[in-house]
Structure formats: C-alpha cells, structure tokens
Amino acid sequence: GKKLGYTFNNRNFHNVSLGQGQEVVAEQALDLAAQEGHWVILQNIHLVAKWLSTLEKKLEQHSEGSHQDFRVFMSAEPAPSSDSHIIPQGILENSIKITNEPPTGMHANLHKALDNFTQDTLEMCSRESEFKSILFALCYFHAVVAERQKFGPQGWNRSYPFNTGDLTISVNVLYNYLEASSKVPYDDLRYLFGEIMYGGHITDDWDRRLCKTYLEEFIKPEMLEGELLLAPGFPLPGNMDYNGYHQYIDDTLPPESPYLYGLHSNAEIGFLTQTSEKLFRILLEMQPRDASVGEGGVVTREETVKTLLEEMLEKLADEFNITELMAKVEERTPYIVVAFQECEHMNILTGEIKRSLQELDLGLKGELTMTSDMENLQNSLFLDMVPESWIRKAYPSTASLGTWFADLLNRIKELEAWTRDFSLPSTVWLAGFFNPQSFLTAIMQSTARKNQWPLDKMTLQCDVTKKNREEFASPPREGAYIHGLFMEGARWDTQSGIITDARLKELTPTMPVIFIKAIPTDKQDVRGMYPCPVYKTRQRGPTYVWTFNLKTREKPSKWVLAGVALLLQI
C-alpha cells in the first residue's frame, strides 16, 4: 500500500469500523472510492449480518466501470460453528481470502505466550531470578494446556477456553506475591494458578487433577537450582534477557511431539486416526442418495437395507421374561438385583430395535407411509451407523453399526448365561453392563452384608492377576473377577505387576483379569499407587465409571500427564 502512496492518514484511504450504525458511512465510502480509485477497509463485517446483502449488491454494482485502482479490504471474526456462517457466498467467491490461524505446536505457542511480555516485564520485579524462572515456566504451562486439546479426550476430558488473559493475570499475581513475601510461596502460587486462574475454566475433576499436576511439576523450589526439566530434553532456562529467551526456545526446544506434553507418542497416532475416520465418515454421508439401480444391476440402497433389517430381526432373541426369572430366585441379593435391572434395560433396547425395524419393513413394502424417523433409520442402516432412537436407549459406544450389533448379541448372551441359574460367572465382563457402577457397588454391598460393615466406610481394592479369563473356573469366595478391560496411555507389565510405558503402535493393550474385592477404607494401601480412572469408551468425560488404584514404581504424576486410563470398550 505504501509503495502505491496509500497510507492510513491519507485521504485516498477510507477505514470504516462496522457495528455502530456505520453502514451508511461505508456505502458512501465505497461509492466515492469506486469513482476516485481509493482504497476502503471495512472492519468487523460479521457484526452487521442484515447489511451484508446490501454490501454484496454494492460490490457487484462497482465491479464494472469503476476506477482501476479501487480496492476493498474486509475483516471478520471466524464463526463459532458452521450454522452461523453469515457472509454471503457472492462476497466469498469474488474475494481473495486470507485467514489468520492460531499457532499450532509447542514451538509457536511458546513464542506466542512469551510475546505477551517485554524486557520491561522481566525487569519489573525486585526478585528478578525467581520472577523470570516462574514466568517462563508459566509460559510453558500455558502453551501446554492450550495445545494439549488437540489430543482429544486423552488430552483433556472436555475442551476449555484457556486464553492469554489467564497467563497475563497469573504473571501479575506472581509479581504481587513475590514483592510481598520474603520466601517464594510456591503452594499459594500453584493454588491461585491451578484452581482459580486456569482452574476457573475447568469443570471435570480429572482435568483439574491434570492441571494441578503440571503446576506441581513445573513450579517448585528445584526450579531455582537449575535442575528442572519442562519436557524431556528441555530444561528450564537460567537468567536471560527477553530476546535470549526467544533464542533459547529456537535453539533448545525439541521438535514437536507428544513427549513435550508428557504424553506417549501413541497419543498422536490415536488422534490422527480419529481425525481421518471423522473425515471419511463425513465424505460417506455426503454421497448422493440415489435409489435407482445402477449399470449392471447394482444392488439398490433399499435392497441393502432390507437384507440387513431381516438379518437383525432374525438374530434378536426374545425379551427376558422377568416375572418368570423372579420366580426362580429365593433371595434378592445385590447381584441378582443388578441382573434384573440389566434385563429390564435390555428389554427396552431390544424392544425399540424390533419396533423400529418392523415399522421400516412395512414402510419399504409400501404398507405404511414413510416418516422422517423411518428415513433416518434407513440412512443409518445404509451408512453402517447406530440409529439415533437406539442410541437413546443404549449405552455409550463409538462403534459402527455392524460392530455394535455383534457386541449387543454378546451382551444378551452373557445375560442369558447369568440368569440361567443366577450364579456369578467365573469372570464377569464388566463392559457388558448398561450400568457397570451398579455391579461394582453390588460387590461392596454383598461384602458389607456378609461382614456387617458400614457401606460408607468401604472401598474397592483392585488386584490385577497374572491370568486370562480362560484360566478361571469359578468365581472368588468374595468379590468378583472381571475381564475385558483395556489400558490407554501406558500398558500393564504382568510379570512385575506395575504400570509401564506403552509399546509403540499398541494403543490400547488388553488387561489381564482383575480381582475386585471390597475392603474397609482405612485398610487400603495408597502408597506407590496411581488412581486410574475407568471409562466406558475412548470419549472418556461423561462415561466415567470408577477409580481403580494401580501399582506403579514411577511417580504417579507421570501417568497423570500421560492421560492413562482404563477403558471398558475400544
């Protein structure tokens, strides 16, 4: 612009910030500029949704016959979601688009975090070396928590709007606390950063634990003795000036990898796989839905659906006859109560599956008018997706329809075996329950009854055995053996009986059978244990089931940062 003689204070340059009734001013500027060959900048066009069609017409009108030097620049904020895209297609198609994406990767994020400060910031505190060390550690912490979101649920259970305000306010708090106290109040600082500044955004207890653990690793007395590693191969820098820190990042920070976040490199494989699966799913959904027969008599969409539908109806067993089952039991033990609840849930689900499939069958035969629900069901069956009305009555799952249905038949088989004589299976498939919590609670209830212990003073102890399910012939005298769990973020070393680093490309190794029994809370051993969350699926978050204490020789904080969890299904 300068080269051509256009500068901000030049009268050939019209700068209009929209949003405060400036639309008329903008229109006048466009008319004048088109005639005289001026430049116009329209800022924040997203704030004037109703005026955008007028703007589109105006630009179209001036696209012919206007001065050859006439240019229009427009800026807008990105829309929060795809249904709030308001900029007309005509404007988008006829313009050169430039986007300013937030930086990705630790390298860019760490520089960006440091960019919020200056040499003056670094010199403002009388406790210079402590202030600089903690400020740099905070910048690293800020970059890590913001960028960790890209790893999905293994990064954070939920996504949070961490922003630069959190960082700058934390640095102000740091300055005030250091000026006011003779010793560095590490505990107070960590509490303020982890529970209030950043923690204020966090709504999930496991995410709060993660945030707290990062701060315990990054901000502690050892940081002033030059022994602190922010990541493998990246020690906290010593006393430098502002440009020195930027240079240090360029020279010392290892290349981008999950290790910079405390995660195992498998985390990246998982996240990239899920991203590409999502992309393919969207592409599949965008395929044209043509019901006609293609060249060479290709099977139609309806025929595919009909075959699948008949197959499913044939494989679904009869509902559980609960009245009949109740007549078989003398005493309603906690386990038997769980079995009945599971049968009821299963009847509701299979009932809905049968009802909707039979209805669709009549629709396809032309005996019923097709409704939008039936259309949706047909589309789901064709795209190998679990239909919406089934999901509502089922358990959380990330599986495609084929896998999901096979899994459903297995769940029914397990329930049939259990309700045949109501004796506890030798090893229980915990993932097979609608409500795994109720089964784990039943273990505590039956032990409490047997030993006359108060239920609220009990906890579950989790001993990982060295065997697989085939090696068990009968259930334990007390408690239960459970099988079919997977570990994400690390693996279980069966020989040593501890958590250890995952092997590359083994994303969710299987756990051996686990012996779960109830013990009085005051008897539980918490030393050398990692409190490991158990989730139903890889979505984690709301699918939380329980916490199992697992033995570890390494510091539990390592597994917290690695996002280690047990999953009931993968």
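The values are calculated or read from the model by the stated rules, or taken from the named source; none is laboratory data. Computed from a predicted model, the values in this text were never measured in an experiment. Positions of Cβ are backbone-derived with ideal geometry, glycine not excepted, and every protein chain shown enters the neighbour counts. Protein only, heavy atoms only, side chains kept; ligands, DNA and RNA dropped before computing areas. Shrake-Rupley method; radii C 1.70, N 1.55, O 1.52, S 1.80 Å.
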Problem - One residue from 562, 490 being in contact with a strand residue (DSSP E or B) (Cβ under 6 Å, 6 or more places away or on another chain) and open to solvent by less than 10 Å² (accessible area, probe 1.4 Å) - result: 490
Problem - Given (1) in contact with an Asp or Glu (Cβ under 6 Å, 6 or more places away or on another chain); (2) on the phi > 0 side of the Ramachandran plot, index of the condition residue 366 fails - result: (1)
Practice task
Specify which of the listed residues (157, 94) is closer than 30 Å to residue 544 by Cα and touching a Leu at 6+ places or on another chain (Cβ under 9 Å).
Solution key: 157
Exercise for the section: Run down 502, 473, 518, 565 and say which single residue is among the small types (Gly, Ala, Ser) and either at pLDDT 95 or above or at positive phi (or both). Expected result: 565
Problem - Verdict on residue 170 being among the polar types (S, T, N, Q) and open to solvent by 40 Å² or more (accessible area, probe 1.4 Å) - result: no
Completion exercise
Contact list, first residue from segment 140-153 and within 17 Å of residue 253 (Cβ to Cβ) and open to solvent by less than 10 Å² (accessible area, probe 1.4 Å), second anywhere and of a type in the set (Gly, Ala, Ser) and in a helix (DSSP H, G or I), beta-carbon distance below 8 Å, six or more apart or interchain, is 140/113; 143/113
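Filter segment 421-475 for residues that are of a type in the set (Gly, Ala, Ser) and open to solvent by less than 50 Å² (accessible area, probe 1.4 Å) and give the result.
Let us first name the residues in segment 421-475 that are of a type in the set (Gly, Ala, Ser), namely 423, 426, 431-432, 438, 442, 446, 448, 473-474.
Listed by number, the residues that qualify are 426, 431, 432, 438, 442, 446, 448.
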Practice task
Residue by residue through segment 517-539, note down the ones that are over 30 Å from residue 274 (Cα atoms) and free of Cβ contacts under 8 Å to residues at least 60 places away in the same chain.
Solution key: 523, 525, 526, 527, 528, 529
Problem - The lone exception for residue 157 - which of (1) surrounded by fewer than 23 Cβ atoms within 10 Å (Cβ to Cβ); (2) touching a residue at least 60 places away in the same chain (Cβ under 8 Å); (3) under 19 Å from the mean Cα position of the chain (by Cα) it fails - result: (1)
Completion exercise
Apart from one, (1) among the polar types (S, T, N, Q); (2) at pLDDT below 95; (3) surrounded by fewer than 16 Cβ atoms within 10 Å (Cβ to Cβ) all hold for residue 247; the odd one out is (2)
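Which fully enclosed helices (runs of 4 or more DSSP H) of segment 309-392 have 3 or more residues being outside the structural domain of residue 430 (by the TED database), in contact (Cβ under 8 Å) with a residue 12 or more places away in the chain and open to solvent by 50 Å² or more (accessible area, probe 1.4 Å)? Before you say what the answer is, go through the steps one by one.
Working: elements: 322-328, 334-365, 372-382, 388-391.
By residue number, 334-365, 372-382.
The rows are residues; the columns are (1) surrounded by fewer than 19 Cβ atoms within 10 Å (Cβ to Cβ); (2) on the phi < 0 side of the Ramachandran plot; (3) among the basic types (Lys, Arg).
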{"position": "232", "(1), (2), (3)": "yes, yes, no"}
{"position": "256", "(1), (2), (3)": "yes, yes, no"}
{"position": "262", "(1), (2), (3)": "no, no, no"}
{"position": "271", "(1), (2), (3)": "yes, yes, no"}
{"position": "274", "(1), (2), (3)": "yes, yes, no"}
{"position": "278", "(1), (2), (3)": "yes, yes, yes"}
Completion exercise
Taking segment 234-249 and keeping only residues that are closer than 19 Å to residue 105 by Cα and touching a residue at least 24 places away in the same chain (Cβ under 8 Å), one is left with 234, 236, 245, 246, 249
Exercise for the section: Would you confirm whether any residue within segment 405-415 is under 21 Å from residue 515 (Cα atoms) and surrounded by fewer than 18 Cβ atoms within 10 Å (Cβ to Cβ)? Expected result: yes
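Being out of contact with any His (no Cβ under 7 Å at 6 or more places or on another chain) and open to solvent by 60 Å² or more (accessible area, probe 1.4 Å) is the requirement here; does residue 35 meet it? If you could, list the steps in order and put the result at the bottom.
Numbers: out of contact with any His (no Cβ under 7 Å at 6 or more places or on another chain): no; open to solvent by 60 Å² or more (accessible area, probe 1.4 Å): yes.
No: the conditions fail for residue 35.
Within segment 60-72, is there a residue that is more than 22 Å from residue 39 (Cβ to Cβ), among the aliphatic types (A, V, I, L, M) and surrounded by 13 or more Cβ atoms within 10 Å (Cβ to Cβ)? Break it down stepwise before answering.
Just the residues of segment 60-72 that are more than 22 Å from residue 39 (Cβ to Cβ), to begin with: none.
The answer is no, given that none of the residues of segment 60-72 is more than 22 Å from residue 39 (Cβ to Cβ), among the aliphatic types (A, V, I, L, M) and surrounded by 13 or more Cβ atoms within 10 Å (Cβ to Cβ).
Looking only at residues that are part of a helix (DSSP H, G or I) and free of Cβ contacts under 8 Å to residues at least 12 places away in the same chain in segment 251-272, which one is nearest to residue 150 (Cα to Cα)?
As a first pass, look at segment 251-272 and keep what is part of a helix (DSSP H, G or I): 251-252, 258-261, 266-272.
If we keep only those that are free of Cβ contacts under 8 Å to residues at least 12 places away in the same chain too, we end up with 251, 272.
On the way: 251: 25, 272: 10 Å.
Checked segment 251-272; the qualifying residue nearest to residue 150 (Cα to Cα) is 272.
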Practice task
Tell me, yes or no, whether segment 116-132 has at least one residue that is without any contact (Cβ under 8 Å) to a residue 60 or more places away in the chain, surrounded by 14 or more Cβ atoms within 10 Å (Cβ to Cβ) and in contact with a Lys or Arg (Cβ under 9 Å, 6 or more places away or on another chain).
Solution key: yes
Problem - residue 137, sole failed condition from (1) under 15 Å from residue 219 (Cα atoms); (2) of a type outside the set (Phe, Trp, Tyr); (3) open to solvent by less than 20 Å² (accessible area, probe 1.4 Å); (4) out of contact with any Phe, Trp or Tyr (no Cβ under 6 Å at 6 or more places or on another chain) - result: (4)
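Somewhere in segment 228-248, is a residue in the same structural domain as residue 114 (by the TED database), of a type outside the set (Gly, Ala, Ser) and within 19 Å of the chain's Cα centre (by Cα)?
There is no residue in segment 228-248 that is in the same structural domain as residue 114 (by the TED database), of a type outside the set (Gly, Ala, Ser) and within 19 Å of the chain's Cα centre (by Cα).
Hey, any hits in segment 42-58 for a residue that's of a type in the set (S, T, N, Q) and free of Cβ contacts under 8 Å to residues at least 24 places away in the same chain?
Step one: of segment 42-58, the residues of a type in the set (S, T, N, Q) are 43-44, 53-54.
Narrowing further to those that are free of Cβ contacts under 8 Å to residues at least 24 places away in the same chain: none.
Taking every residue of segment 42-58 in turn, none turns out to be of a type in the set (S, T, N, Q) and free of Cβ contacts under 8 Å to residues at least 24 places away in the same chain.
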